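Data first, discussion second: the structure below is written as structure tokens.
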């Protein structure tokens, strides 16, 4: 399907989502302002063509309220990829339409996407092995000729990762794309993902990109009021439950204790206190005490 047609579908969906409800006449006026229109209004026939295409492509339902003749998007279960595609394209269109003030719009860089992501996605589509050299941060030299069966990719903290079955080690491992070199698709070795494997479930009980062999457990945090607002805006985990008190909030989770989780909790400093489990509280307290000793020593 031509990318320009997809962009028109995404524009229509994004415009209706932002307005909540909108008439076809107002949609036409908004269309004239977009870069896709060349200054022309949106004909009714084209509108219905794009509406049907958007519904079929993204699995949504654009309905019309016959009492007001306003269009709206009915409740839908867009998957994460579709949501990400819609949001990313809408942002790209906004940036493109405002290129004259580009110096005033600062973005975060995602360097790993430029080099290896497209090749790995091609391997996902073909169900083919990939082979690469990998240099982990804890290794002095790269490990050559790592062969994996790529199961899925995930982005976390501005970096892309590929998760797949390591052929030599016979286990599922995670690799950062920015540490991969000499990447090639081994089209001669294809594979089928295990039918019981679910990419979504793989990190279901974890925060970030690291996993744990231990089962998820109850985690309870005491969070100061200002910091609690950030926790509400961007939940740490889908299991998050908040109980608001006068001068603090209690956030409860059920998830695994991982390296990424410990790093995130440490980043909040004194604004977050771990109440449960005691083992995690002890580890974080030890990290904070070690940091304090280091500062005191370096200051002497």
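Bear in mind these aren't lab numbers, they're just calculated from the coordinates by the rules spelled out. On a predicted model such as this, the values are computed, not experimentally measured, just so you know. Cβ: placed from backbone, ideal geometry, glycine included. Neighbour counts: every protein chain shown.
Can you give the extra length, in nm with one decimal, that the chain gains between residue 247 and residue 127 once fully stretched, where that is 0.36 nm per residue apart less the Cα-Cα distance?
Working: separation 120, 0.36 × 120 = 43.20 nm, distance 5.28 nm.
The residue 247-residue 127 span can extend by a further 37.9 nm.
Where does helix 117-126 land angle-wise versus the long Cα axis of the chain, in degrees 0 to 90, nearest 10?
Result, in degrees: 80.
With the convex hull built on the Cα atoms of segment 129-253, state its orientation-averaged projected area in nm².
Numbers: hull surface 39.9 nm².
For segment 129-253, averaging the hull's shadow over all directions gives 10.0 nm².
Hey, what did segment 112-202 get for relative contact order, percent, Cα under 8 Å, at least 6 apart?
Details: 164 pairs, mean separation 30.2, N = 91.
It comes to 33 percent, rounded to a whole number.
Using a Gaussian network model of the chain with C-alpha springs under 10 Å, which one of 240, 204, 40 is most mobile by mean-square fluctuation?
40
Specify, per residue and in Å³, the volume enclosed by the convex hull of the alpha carbon atoms belonging to segment 177-248.
Numbers: hull volume 11.9 nm³, N = 72.
In segment 177-248, the Cα hull volume divided by residue count equals 165 Å³.
Connecting C-alpha atoms closer than 10 Å in a GNM of the chain, tell me which of 246, 178, 169 has the biggest fluctuation.
Answer for the Gaussian network model of the chain: 246.
Report, in deg cm²/dmol and to the nearest 500, the calculated mean residue ellipticity at 222 nm for the chain, where each DSSP H run with n ≥ 4 adds -39500 (n - 2.57) and the sum is divided by the residue count.
Working: 10 runs with 118 residues, N = 300.
That comes out to -12000 deg cm²/dmol.
Taking other Cβ within 10 Å of each residue's Cβ, how do 173, 200 sort, fewest first? Each step should come with its number before you reach the end.
Values: 173 13, 200 9.
Result, fewest neighbours first: 200, 173.
How many percent of the alpha carbon pairs in segment 112-202 exceed a separation of 18 Å?
On the way: 1605 of 4095 pairs.
Value for segment 112-202 (Cα pairs over 18 Å): 39 percent.
Please give the helix 24-33 orientation as an angle from the longest Cα principal axis of the chain, in degrees from 0 to 90, rounded to the nearest 10.
The answer is roughly 70 degrees.
Compute the relative contact order of the chain as a whole-number percentage, counting only Cα pairs closer than 8 Å that sit 6 or more residues apart in sequence.
Values: 397 pairs, mean separation 32.1, N = 300.
Value for the chain: 11 percent.
Taking each pair of distinct Cα atoms in segment 191-300 once, what is the resulting Kirkwood hydrodynamic radius in Å?
Computed over Cα pairs of segment 191-300, the Kirkwood hydrodynamic radius comes out at 15.5 Å.
Any chance you could tell me what percent of the C-alpha pair distances in the chain go past 33 Å?
On the way: 20670 of 44850 pairs.
So the portion of pairs separated by more than 33 Å is 46 percent.
Could you work out which residue, out of 53, 208, 136, moves most in a Gaussian network model of the chain, that is, has the largest mean-square fluctuation with Cα springs under 10 Å?
53
If you average the alpha carbon positions of segment 227-283 and of segment 1-46, how far apart do those two centres end up, in angstrom?
Segment 227-283 and segment 1-46 have Cα centres separated by 42 Å.
Under the definition of Cα pairs under 8 Å and six or more residues apart, what whole-number percent is the relative contact order of segment 217-299?
Values: 91 pairs, mean separation 30.7, N = 83.
That works out to 37 percent.
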